[in-house]
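The next block holds one structure in the form of structure tokens; read it before the comments.
The values are calculated or read from the model by the stated rules, or taken from the named source; none is laboratory data. Keep in mind the model is a prediction, meaning the values are calculated, not measured. Neighbour counts run over all protein chains shown; Cβ positions are idealised from the backbone, glycine included. Ligands, DNA and RNA are excluded from the accessible area calculation, which covers all protein heavy atoms including side chains. Shrake-Rupley method; radii C 1.70, N 1.55, O 1.52, S 1.80 Å.
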Amino acid sequence: MKLENKITTRAVATAMFATPVEKLHRPPNRRGRSSVHKARVEGKFLFRGETKLLLAGVTYGPFASGGEGEYLDPKQVEQDFSRIAASGMNSVRLYTVPPRWLLDAAQRHGLWVMVGLPWEQHVAFLENRKRPRLIARRVREGVRACAGHPAVLAYAIGNEIPAGIVRWHGREAVEQFLETLSRIVRKVDPGALTTYVNYPTTEYLRLNFIDFLCFNVFLESEERFDAYVARLQNIAGERPLVLSEIGLDSRRHGRDRQAEMMSNQITTAFAAGCAGAFVFSYTDEWHRGGYPIEDWDFGLTDRQRRPKPALAAAASAFAEIPFRRSERWPRISVAVCSYDGEKTLGECLSKIEQLDYPDYEVIVVNDGSNDATATIASRYKVKLVNTKNGGLSAARNVAMDAATGEIIAYIDDDAYPDRDWLKYLAFAFRNGDCAAVGGPNLLPPHSSPLARCVAHSPGGPAHVLISDRVAEHLPGCNMAVRLDRLTEIGGFDARFRVAGDDVDACWRLQEKGGTLGFAPSAVVWHHRRGSLASYWKQQFHYGIAEALLERKWPEKYNIAGHLTWAGQLYGSGAAGILGLRERIYHGTWGSAPFQSIERFQSDWAALPLTPEYYLLIAALAAASLLGLIFTPLLLLLLPLALAIALPIWTAVKRASSIPSKPKFSRRWRAMVAFFHLLQPLARLCGRFAGGLHPWRNWRASGFAFPRPRGFTVWFETSTSIQERLAALESALHANVYMLRRGREFDRWDLDLRIGLFGGAKLWALAEEHGEGKQLIRLRLRPTCKSSGLIMLAGLSGDALLAFFDELWLPGAIVGTLVIVLALETLRECGAAIAAFLSALNAQVKGALKSEVTKSKHDQPEREEVAFADFNER
């Protein structure tokens with residue numbers, strides 16, 4: 001049987017019996033111009049009412065009949081829409097403004113319409129003042145012609161502005177113009193959704209004002225298509241992603257290959273969490289600029305409307321979105337740990353009961369609550385475990401011990417999941433060898449204004465990604481772990497009673513060689529703090545958790561106690577903007593087919609967003625007060641004023657960058673700016689309470705005069721320099737030293753820090769001398785930290801000024817402080833050198849003992865063999 005006949009038979013059966021009504025939701029009958037029937041955006045998906053709307057669509061037109069921009073006669077449109085609907089599709093994308101009768105026809109056949117608003121985007125449209133006004137007028141008239149019709153899904157305010165045009169005008173100018181068009185749409189048709197149809201060559205456009213992202217993607221390789229959809233999901237962030245054009249040319253690739261690719265692309269798109277996909281196109285008949293396009297055959301039907309195998313393939317694939325029914329799903333244990341969570345636990349468990357997943361259990365751990373938590377949990381079909389209050393980590397371990405699933409998925413009691421949450425998690429596990437998988441946690445749609453302010457403020461639970469699919473950190477409110485991998489690392493560390501347990505668990509899983517995966521559409525809705533006091537308390541406890549993490553993972557933190565992620569932090573309030581530099585990869589003369597954006601931010605630029613910055617302000621303020629005794633110190637008032645103004649400016653700038661949202665007034669933006677200033681202070685207080693401060697004592701086992709040193713070590717057996725450095729690193733970690741590895745562009749190998757002022761660096765080289773013999777060259781150098789040098793230089797200058805002005809007492813005080821800091825720098829550098837020497841001696845002796853033992857076993861006639869010599873040059 002031919003492929004066409006096979007797929008057609010399956011598609012007919014699917015269209016008659018299998019199309020899930022809740023997935024392919026149809027537009028309502030027309031009842032005036034009320035916005036009640038409009039689709040809306042919630043997180044990563046579109047909804048109408050309480051029903052998720054997955055767009056299974058096809059592009060339609062443009063045609064030449066009746067003149068450019070017009071459509072075919074109503075009879076032909078009725079026939080086409082009837083076949084589209086019968087094939088299991090629920091939406092069409094148009095490239096021009098349709099007449100009202102066409103929208104009526106779409107409604108009769110249960111089809112949503114994405115209306116294209118055409119204008120001359122292929123030319124330099126911003127070169128004169130007249131053209132933008134004419135474009136705005138055309139858009140206004142086009143929206144007015146369709147406004148209020150219940151079949152209208154959204155308006156596309158543009159389609160693939162050429163990369164050369166964007167490069168010519170500049171990204172910011174194009175973005176501002178598109179935002180103007182978006183405002184026109186919302187003003188003429190209130191409540192309508194807007195989008196812009198982008199493509200890979202201008203993926204860098206920042207379009208925060210549109211409701212969902214659309215991308216045209218034509219990639220013939222299944223692997224590249226899958227990878228690029230994952231990239232687009234991270235570009236989309238917390239908004240839905242719709243593939244507005246996908247397909248394959250049957251003229252060049254054959255009809256069977258087109259059908260196969262169509263099925264794969266639709267399946268891949270929805271499994272990757274897309275909110276919709278439009279196949280390009282319904283028919284091979286289409287025109288551009290009034291001229292027929294005859295050398296491309298992308299249609300599901302030919303120019304005479306005869307179906308190709310691709311039509312049946314698309315119908316079959318759309319019938320099983322977002323996942324195939326034949327998919328095999330592992331058993332999952334959903335764990336909810338609750339302490340006094342009566343306010344939100346009922347909502348959480350109610351939504352968990354509605355999950356669309358064939359095999360899961362629910363475990364509720366009541367962690368010694370004093371409210372009605374246990375009573376509320378007993379109303380649902382859950383495995384309830386009541387324990388004494390032991391903290392969050394202990395409760396999560398109790399759930400781990402009670403779990404019977406292959407995977408355990410953790411969710412907080414103040415969150416609730418999307419209906420397909422577990423399927424997206426399980427699919428990510430299946431497609432990647434991951435130890436854990438997580439997804440985004442988004443603000444519930446009907447949250448209070450204050451909670452929305454908190455969501456746009458720093459410090460919330462956020463995922464950290466190091467690639468499109470691999471994470472460095474997953475928040476515990478939305479984290480699933482393979483039960484055997486979690487058991488292997490001993491579960492969660494019970495010392496983390498309130499926070500930090502998820503960070504520690506992620507690091508331990510990665511330390512064991514595990515990978516953390518990210519599923520962008522495995523969404524949970526997570527309530528944010530609803531008051532100023534609760535936000536302060538949360539950030540304070542996060543500061544304590546950071547202190548605990550720093551003691552357990554000192555190598556992850558810098559001298560000031562600041563954690564630097566290797567990946568990118570995501571979330572509404574995650575990223576600071578001060579000092580953020582961007583550049584766009586255009587390629588030579590704008591020739592790159594994928595033009596991406598790269599962002600850079602230095603540690604100095606991010607400083608005003610960190611808790612340590614408040615210590616700098618306090619130090620400048622204290623020094624300025626000494627100006628009452630020593631007048632030259634009053635000069636520090638200017639740096640103090642600048643230091644105070646910088647975080648304020650940063651906070652205001654960050655708050656003003658929030659996308660325009662209904663009811664998000666200037667008052668609430670001011671509150672977001674205030675939260676940006678409050679959060680580092682709360683974290684700082686928590687860190688101090690936990691013992692994490694810049695002058696904390698690190699363990700120092702001795703002192704060696706801090707001078708440059710060089711060594712050679714001779715070994716009779718050869719081992720890679722990486723293994724030897726790893727052993728040295730482990731020995732230093734065992735003594736809880738602050739240690740960093742050299743990065744890809746560093747010449748040094750290990751950097752050991754003792755305090756704010758001093759440390760030491762190690763260089764290593766392996767020389768291979770044949771017959772398995774090896775000479776290791778080592779170089780040690782003491783290093784003074786820039787923060788200490790700047791402080792010493794400033795204080796030394798103040799002391800000299802004081803003595804020149806014959807202010808003996810202030811000069812003596814400041815001079816004494818200089819001497820103390822200089823001695824502390826000397827001590828820290830010496831302690832770092834001594835630590836390296838101690839670890840090196842231990843490593844060499846251990847290697848010598850091992851080699852002597854091995855040699856005696858192999859050569860018993862020799863009484864003594866010198867296998868290593870540790871010589872200082």
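Amide H contacts under 5 Å for Gly276: Leu55, Leu243, restricted to partners 5 or more places along the chain or on a different chain, H placed in the peptide plane at 1.01 Å from N.
Taking all Cα-Cα distances within region 386-520, those exceeding 27 Å account for 18%. So, counting K/R as plus one and D/E as minus one, what does the shell of residues with Cβ under 10 Å around Leu153 add up to? Residues close to Leu153 contribute a combined charge of +3.
Label-to-label distance, Ala145 versus Trp168, with points set 7 angstrom from Cα along the beta-carbon direction: 2.6 nm. For region 507-521, backbone phi angles converted through the Karplus equation (6.51, -1.76, 1.60; θ = phi - 60°) give residue-by-residue couplings of 5, 5, 5, 5, 4, 7, x, x, 10, 9, x, 10, 10, x, 10 Hz, Gly and Pro being listed as x. Restricting the calculation to Cα atoms, every distinct pair contributes to the Kirkwood radius of region 44-127, found to be 14.2 Å. Which value in Å is the Kirkwood Rh of region 284-367 over different Cα pairs? Hydrodynamic radius (Kirkwood, Cα pairs) of region 284-367 is 17.9 Å.
Applying the Karplus relation 6.51 cos²θ - 1.76 cosθ + 1.60 with θ = phi - 60° to region 128-142 yields 3J(HN,Hα) values of 9, 6, 6, 4, x, 5, 5, 5, 4, 5, 5, 5, 4, 5, x Hz, where x marks Gly and Pro. Projection of the Cα convex hull of region 386-442, averaged over all directions and equal to a quarter of that hull's surface, yields 5.0 nm². For region 439-514, the Stokes-Einstein estimate of translational diffusion at 20 °C and a viscosity of 1.002 mPa s comes to 153 µm²/s, using the Kirkwood hydrodynamic radius over alpha-carbon pairs. Measuring how big region 370-413 is from its alpha-carbon positions, Rg and Dmax come out at 11.1, 32 Å. Each Lys or Arg adds one and each Asp or Glu subtracts one; over the other residues with Cβ under 14 Å from the Cβ of Phe540, this totals +4.
Along region 44-55 the Karplus relation, 6.51 cos²θ - 1.76 cosθ + 1.60 evaluated at θ = phi - 60°, assigns HN-Hα couplings of 8, 9, 9, 9, 10, x, 9, 9, 6, 10, 9, 7 Hz to successive residues, with x for each Gly and Pro. Summed over the residues of region 304-452 and divided among them, the accessible surface reaches 39 Å² per residue at a probe radius of 1.4 Å. Backbone amide hydrogens, once placed in the peptide plane, bring Cys337 within less than 5 Å of Val365, Ile411, Asp413, excluding anything fewer than 5 places away on its chain. Fully extending the segment from Phe218 to Asp104, taken as 0.36 nm per residue of separation minus the present Cα-Cα distance, adds 37.9 nm.
Taking the three principal axes of the alpha carbon atoms in region 249-311, the coordinate ranges are 37, 25, 19 Å, sorted in descending order.
Take the Cα pairs of region 341-464, get the Kirkwood Rh, then feed it into Stokes-Einstein at 20 °C and 1.002 mPa s and tell me D in µm²/s. Result for D is 134 µm²/s.
The length gained on full extension between Leu628 and Thr487, counted as 0.36 nm times the residue separation minus their Cα-Cα distance, comes to 44.6 nm. Protection proxy ranking for 391-399, 170-178, using the average of other Cβ atoms within 10 Å per residue and placing the highest first: 391-399, 170-178. Starting from 0 in steps of 5 Å, tell me what percent of the Cα-Cα pairs of region 227-361 lands in each bin. Reading upward from the zero bin: 2, 9, 15, 14, 13, 14, 10, 7, 5, 4, 3, 2, 1, 0. Along each principal axis, taking the top coordinate minus the bottom one, the Cα set of region 66-216 gives 44, 30, 29 Å in descending order. Each Lys or Arg adds one and each Asp or Glu takes one away; over the other residues whose Cβ falls under 11 Å from the Cβ of Asp493, this sums to +2. Here the gap between Leu817 and Arg324, fully extended at 0.36 nm per residue and compared with their Cα-Cα distance, gives a gain of 170.4 nm. One quarter of the convex hull surface built on the alpha carbon atoms of region 137-281 amounts to 9.6 nm², the projected area averaged over directions. Take region 145-198 with all the other protein chains still there, run a 1.4 Å probe, and you get 32 Å² of accessible area per residue.
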